[in-house]
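Derivation of every value follows stated rules applied to the coordinates shown; laboratory data play no part. Quantities reported herein were computed from a predicted structural model and do not represent experimental measurements. Here the Cβ positions follow ideal geometry from the backbone for every residue, glycine too, while neighbour counts run over all protein chains shown.
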Amino acid sequence: MTSIVIPAHNEARVIGRLLDALLSDAAAAGAGPGPDIVVVCNGCTDDTAAVAGARGPRVRVVQTPAPGKHGALRLGDEHARGFPRLYVDADVVLRAADVRALEAALADGRGVLAAAPGRDLPLAGCAWAVRAYYRVWQLLPAVREGLFGRGVIAVTEQGHARIAALPPVMADDLAASLAFAPAERRIVEEARVVVSPPRTWGDLLRRRIRAATSSAELERAQAAARAAGGGSGGAAPSARTGTADLRALVRAQPGLLPAVGVFLVAAVAARRGARRAIRAGDFSTWLRDESSREG
């Protein structure tokens, strides 16, 4: 049986739409009984648990007073019943048909251990600078090919063993993506997830500062692991964007130049904003984008 683990911290405004989408066609003809869904409410001070529990017996709600996504994921593992296993952020939208497409990709016998759906970013209503930023971001090779930034990662039992061994870092989806070689992971375009982008420039920067901070934490963890292994072990895998990637985009699409300028401004601002947290070793403060949860 497929299990879906949904960590949720104060997501009462949005978790209902995800659960309704997962349950809407879960029992379609020939689709079987549907997946096992576990919602882990971690440190919630709102009605997340009540909203999730109102969806009926198909949704099991687990509560913990301790906030934190990594702990919530591991607690969800303790309650999940089977494989493949999906980890789904509470603020995205994924349908049961998309879950089945991910299941099929993991079961096709080609050695795929981890999969993620294609990404839909509804940018209507976002500030023009946010639209410009994501116009570039979506075209970056690492973004197109990586499992991160989608809010959904599906793994086989073997794949789960690999991500369960990862250190507890804030960039959990990036760490999970880099844990698999390109041949071991797959983007399943016939499956789709709707990821709500930030609507304002300020909220975009909050997201990017969090990303810059969490990437630095991951790189520190990678360096510590290599040192503990007794050597450098070669360069650690990375999904950082280089200037060569941006130049290649502009050469291929000259009209992107203004958007690339916006992208660079956001990248520089995010790195500057992350410096204080990185210097202090503060890798637990979660700068949350609230605008994507509105309406």
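Enumerate the amide H contacts of Ala12 below 5 Å, restricted to partners 5 or more residues apart or on another chain; note that Pro and chain-start residues carry no placed amide H.
Sorted by chain and number, the residues that satisfy this are Asp47, Thr48.
Once both axes come from the Cα atoms, what is the angle between helix 257-280 and the longest principal axis of the chain, in degrees from 0 to 90, rounded to 10?
Value to nearest ten degrees: 80.
Going by how many other Cβ atoms sit within 10 Å of their own, how do Val152, Val194 line up, fewest first? The partial results should precede the final answer.
Working: Val152 25, Val194 19.
Ordered from fewest to most neighbouring Cβ atoms within 10 Å, Val152, Val194 come out as Val194, Val152.
For a quick protection proxy, order the peptides 119-128, 36-45 by their average other-Cβ count within 10 Å, most packed first.
Values: 119-128: 15.0, 36-45: 22.2.
Output ranking for 119-128, 36-45: 36-45, 119-128.
So, with +1 on the Cβ of K and R and -1 on the Cβ of D and E, and no other charges, what is the size of the charge dipole of the chain about its Cα centre, to the nearest 20 debye?
Numbers: 38 positive and 29 negative charges, 201 e Å.
That gives the chain a dipole magnitude of about 960 debye.
Based on DSSP H runs of at least 4 residues, each adding -39500 (n - 2.57), what is the mean residue ellipticity at 222 nm of the chain after dividing by all its residues, to the nearest 500 deg cm²/dmol?
Numbers: 11 runs with 130 residues, N = 295.
Computed mean residue ellipticity for the chain: -13500 deg cm²/dmol.
For a quick protection proxy, order the peptides 133-139, 155-161 by their average other-Cβ count within 10 Å, most packed first. Intermediate results must be reported in sequence, preceding the final value.
Numbers: 133-139: 20.6, 155-161: 18.1.
Result, highest mean Cβ count within 10 Å first: 133-139, 155-161.
Take the alpha carbon atoms of the stretch 201-293, find their radius of gyration, then divide it by 2.2 N^0.38 Å using N residues; give the quotient. Each step should come with its number before you reach the end.
Working: Rg = 16.0 Å, N = 93, 2.2 N^0.38 = 12.3 Å.
Relative to the rule-of-thumb radius for its length, the stretch 201-293 sits at 1.30.
Let's see if you can work this out: charge +1 on each Lys and Arg Cβ, -1 on each Asp and Glu Cβ, no other charges. What is the dipole magnitude of the stretch 201-293 about its Cα centre, in debye to the nearest 20?
Numbers: 16 positive and 7 negative charges, 38 e Å.
It works out to roughly 180 debye.
Angle, helix 201-228 long axis vs. longest principal axis of the chain, Cα atoms, 0 to 90°, nearest 10?
Tilt of helix 201-228: around 90 degrees.
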